[in-house]
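The values are calculated or read from the model by the stated rules, or taken from the named source; none is laboratory data. Quick caveat: nothing in here was measured; it's all calculated off a predicted structure. Surface areas here come from the heavy atoms of the whole protein model, side chains and all, with no ligands, DNA or RNA. Shrake-Rupley method; radii C 1.70, N 1.55, O 1.52, S 1.80 Å.
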Amino acid sequence: MTHAHILLAAILLQQAWFGALWTLAAWLRLARRAAVHWALATIGMSLGMGLILQRGVWPDGLTITGANVLIAASMVVLRRGCQVFARLRPTDGEHAVVLVAVALGQTTIAALDGGMWMVALLGSATFAFVMLRTGVELAGALTPEFGRRAALCCTLAPLTFGVLFAARLVLVAVQGPQVDASITTPGAGNLGVAFVSLACGMVIHTTLIGMTVMRLVRRLQHQSDHDTLTGLLNRRAMARELRTQAQRQRRHGTGYAVLSIDIDRFKGINDRHGHAAGDAVLARVAQALRAGAREVDRVGRMGGEEFCVLLPGVDRRGAEHAARRLLAAVRGMPHPELPGGEAVTVSIGVAVAGPGFELVERLQRRLDRALYAAKHAGRDCIAHAEPAGEVA
């Protein structure tokens, strides 16, 4: 068995493994559409590399023109899968131009009996373009979702291989017809190209797997920290935010305020109109609170019809202003699920953290008393908790 046969077997085994993996991912609905693209790309890539390793044995039209077109198509499909994964609109017009240019270029070179270095030149230019474009697109699309550092890790592989193909483009352009022998001779330089492609495939697919797992983990984290109905932070996540803010106050003296918000007469809404209408009211109130809060604020659902808003860096005056804004936002929100234009209001308790360091439990007790006072005062109003008498 020759080195070419061993390398071909390794490539086919690798691509078969990743192809099966992406097929399984698609079946399990893990990045399904992207996984289908990546499975097809692995099939095309393995066939193209297999043809490359048969150069000088099989007809040149198949092992040179056919192989380059097939590999270019596979890389375009891989890039389209990345666009789908990153929730970008696929640039199908650009993909079509690339494939048509490659096919016409390779066919023209073969028809004019051009040098094989021109084939390598066109192939390197195509692969460099696709890989660099993929890396740039992923960097821009994944940064808001994964963060700058994680997005950089995801884009490092396509950008690196894009640079390597660009370097090969320059090398082939400089050497010119001298590279013909390595392209047409069985094995020879093709073994090196195939070996690099083997490593390339391993790194690229490992990166794609990492992207998929990262999104899955973040989705699970989001589900564990957020309320299913409203999309707001749940009670556990909100308690964590409050503890973090209290520790920040203790270290840096940064003040904060908390609003406790309860929908007025919510039980009556459920009794008169049903739980589906009640859920719709909860979702709309949550939407109003989220829209009325600042970017740095944290909004959570504490359970039932009770909500909480954490206001970092806010004093009493700012907290009351924010509470009035939210009160008006909820009062002015229409509720088509309630017949007769029935209005929905909330009561809000306001508590500003005491000086120094106040235990979260003490602040929450003051907040509960303030909310009860707002309810007792007639609802659809604000009540402020008195400053803590004790600090720790």
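GNM on the chain, alpha-carbon springs under 10 angstrom: the most fluctuating residue among R218, R331, R32 is R331. Global size of the range 234-392: 15.7, 52 Å for Rg and Dmax (C-alpha atoms, Rg to one decimal, Dmax whole). The long axis of helix 116-146 is offset from the longest Cα principal axis of the chain by roughly 10 degrees. Only alpha carbons enter this Debye calculation for the chain, each as an equal point scatterer, and the log10 of I(q)/I(0) it gives at q = 0.08, 0.10 Å⁻¹ is -0.62, -0.75.
Please report, as a whole percent, how much of the solvent-accessible surface of the range 129-281 comes from carbon and sulfur atoms (probe radius 1.4 Å).
Details: 5030 of 7950 Å².
So the carbon and sulfur contribution to the accessible surface is 63 percent.
With an 8 Å Cα cut-off and a minimum separation of 6 or more residues, compute the relative contact order for the chain in percent.
Numbers: 581 pairs, mean separation 47.1, N = 392.
About 12 percent, as a whole number.
Taking the longest Cα principal axis of the chain as reference, the axis of helix 188-225 is set at about 10 degrees.
Could you list the square roots of 5 times each eigenvalue of the Cα gyration tensor of the range 88-161, that is, the equivalent ellipsoid semi-axes, sorted largest first and rounded to whole Å? Could you put the intermediate results ahead of the total?
Details: eigenvalues 208, 40, 4 Å².
Working from the Cα gyration tensor, I get semi-axes of 32, 14, 4 Å.
As an equivalent ellipsoid, the range 31-99 spans semi-axes of 27, 13, 5 angstrom, where each value is the square root of five times an eigenvalue of the C-alpha gyration tensor, largest first.
Binning all Cα-Cα separations of the range 193-279 at 10 Å, short to long from zero, yields these whole-percent fractions: 13, 21, 22, 19, 13, 8, 3, 0.
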